[in-house]
């Protein structure tokens, strides 16, 4: 029997305790946001109740690899899942489904199954919401920790390129988040034009 609640009770305190303070975006708040988004999206995608537990588990673990390092954190998260989830009542097939969902969040995203599409969209749902500015500010601060030379203009260019390449994968996000994402993209382009005018 899959015990999601026990997984939650074990992993969330560990993330709160052990994630580095400089992760002001990839922190516990982000993990909980993705968990919430998964529930919202899955509710509109007709997901089986057991599969929903697997989705929730993948949401909890999708950035857990940051406990070790940022690079290839998805692969690290998968290794953690393979080591830990069997002890929580997950079958080998269920563990591999969770791994597939974690890997489906790796950039550039290429989710294959409906479960993977739900988690991938939940991870980047904020691109098409009013939370975009605040979350992108937090991500910028985090990125500057890894690259102190990163400046505001370069960050705008990175975001514009990212949003132009990004696609949602679920019916819910395509219908309810794509338009706002395009509005956020246009705001970035206007801001970049203002900052670079006369250069």
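The values are calculated or read from the model by the stated rules, or taken from the named source; none is laboratory data. Bear in mind that the values here come from a model prediction, so they are computed numbers and not experimental data. Reconstructed Cβ throughout: ideal geometry from the backbone, glycine too, with neighbour counts over all protein chains shown.
Considering region 56-68 alone, what residues qualify as being assigned to a helix (DSSP H, G or I) and in contact (Cβ under 8 Å) with a residue 40 or more places away in the chain? Within region 56-68, 56, 57, 58, 59, 60, 61, 64, 66, 67 meet the criteria.
For region 110-124, indicate whether the set of residues that are touching a residue at least 40 places away in the same chain (Cβ under 8 Å), over 18 Å from residue 34 (Cβ atoms) and in a helix (DSSP H, G or I) is non-empty. Scanning region 110-124 turns up no residue that is touching a residue at least 40 places away in the same chain (Cβ under 8 Å), over 18 Å from residue 34 (Cβ atoms) and in a helix (DSSP H, G or I).
Quick test for you: out of 54, 40, 127, pick the one residue that is modelled with pLDDT of 95 or more, more than 13 Å from the chain's Cα centre (by Cα), buried (at least 23 other Cβ atoms within 10 Å of the Cβ) and farther than 22 Å from residue 17 by Cβ. Outline the logic, then answer.
Numbers: 40 fails: buried (at least 23 other Cβ atoms within 10 Å of the Cβ); 127 fails: more than 13 Å from the chain's Cα centre (by Cα).
One residue alone meets the criteria, 54.
Here is a check on your reading of the model: is residue 18 at pLDDT below 95 and surrounded by fewer than 17 Cβ atoms within 10 Å (Cβ to Cβ)? When the stated conditions are applied, residue 18 does not pass them. Residues of region 164-177 being in contact with a helix residue (DSSP H, G or I) (Cβ under 6 Å, 6 or more places away or on another chain) and over 11 Å from residue 117 (Cβ atoms), which ones? Of everything in region 164-177, just one residue is in contact with a helix residue (DSSP H, G or I) (Cβ under 6 Å, 6 or more places away or on another chain) and over 11 Å from residue 117 (Cβ atoms), namely 177.
Could you grab me the full set of residues in region 183-199 that are free of Cβ contacts under 8 Å to residues at least 24 places away in the same chain and in a helix (DSSP H, G or I)? The answer is 183, 186, 187, 190, 193, 194.
Give the residue, chosen from 75, 71, that is without any contact (Cβ under 8 Å) to a residue 60 or more places away in the chain and assigned to a helix (DSSP H, G or I). Break it down into steps so the answer makes sense when it comes.
Values: 71 fails: assigned to a helix (DSSP H, G or I).
After ruling out the rest, the residue left standing is 75.
How many residues does region 34-48 hold that are part of a helix (DSSP H, G or I) and within 16 Å of residue 101 (Cα to Cα)? Full working, then the answer.
Going through region 34-48, the residues part of a helix (DSSP H, G or I) turn out to be 34-43.
Cutting the leftovers down to within 16 Å of residue 101 (Cα to Cα) gives us 34-39, 41-42.
The number of residues fulfilling the criteria is 8.
Criterion first (assigned to a helix (DSSP H, G or I) and at pLDDT 95 or above) does residue 25 satisfy it? Spelling it out, it is not the case that residue 25 is assigned to a helix (DSSP H, G or I) and at pLDDT 95 or above. Could you list all residues from region 144-180 that are surrounded by fewer than 17 Cβ atoms within 10 Å (Cβ to Cβ), touching a residue at least 60 places away in the same chain (Cβ under 8 Å) and under 22 Å from residue 104 (Cβ atoms)? 171 - this is the single residue of region 144-180 that is surrounded by fewer than 17 Cβ atoms within 10 Å (Cβ to Cβ), touching a residue at least 60 places away in the same chain (Cβ under 8 Å) and under 22 Å from residue 104 (Cβ atoms).
Scanning region 10-22 for residues that are in a helix (DSSP H, G or I) and touching a helix residue (DSSP H, G or I) at 6+ places or on another chain (Cβ under 6 Å) gives 11, 15, 16, 18. Within region 86-109, if we keep just the residues that are surrounded by 23 or more Cβ atoms within 10 Å (Cβ to Cβ) and touching a residue at least 24 places away in the same chain (Cβ under 8 Å), the residue that is farthest from the chain's Cα centre (by Cα) turns out to be 90.
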